[in-house]
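Notes follow once the structure below has been shown.
The values are calculated or read from the model by the stated rules, or taken from the named source; none is laboratory data. The structure presented is a predicted model; accordingly, all values stated were derived computationally and were not measured. Glycine gets a Cβ as well: all are built from the backbone with ideal geometry, and neighbour counts include every protein chain shown. Areas reflect the complete protein model, heavy atoms only, side chains present, ligands, DNA and RNA absent. Shrake-Rupley method; radii C 1.70, N 1.55, O 1.52, S 1.80 Å.
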Amino acid sequence: SKYIGQAEQVPRQLFKLARKIGSKERPCIIFIDEAETVFPSREAGSGLSDSSSQQHAVVNQFLTQLDQSNGEVYLFLATNFK
């Protein structure tokens, strides 16, 4: 997204919907295919550019939302990365 902070809103809205649908007895599953497009690789010595710092903010938002899900939401990722 071209606006700062707007990309982090997507995981919040996704998990809000998933928590509304899911429960501890019947958790909601979020599946993301080709996760490498959303989550950056963590290469040693890579500098932070504006886009990579934005990607790190999105990753942090996903992790925060997972922490707050209390077993109501599961996140599965698939990748073609070699």
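Things to note:
- Total residues in region 24-41 satisfying the condition of being within 11 Å of Ser69 (Cβ to Cβ) and either out of contact with any Gly (no Cβ under 7 Å at 6 or more places or on another chain) or in a helix (DSSP H, G or I) (or both): the figure is 1.
- Output for region 11-26, where each listed residue is open to solvent by less than 90 Å² (accessible area, probe 1.4 Å) and within 17 Å of the chain's Cα centre (by Cα): Pro11, Leu14, Phe15, Ala18, Arg19
- Count of residues meeting criterion [among the β-branched types (Val, Ile, Thr), free of Cβ contacts under 8 Å to residues at least 24 places away in the same chain and under 15 Å from Phe62 (Cβ atoms)] in region 1-35: 0
- Test: residue in region 61-68 that is over 23 Å from Gln6 (Cα atoms) and at pLDDT 85 or above: no
- Residues considered: Val73, Val38, Val58. Of these, the only one that is at pLDDT 90 or above and open to solvent by less than 100 Å² (accessible area, probe 1.4 Å) is Val73.
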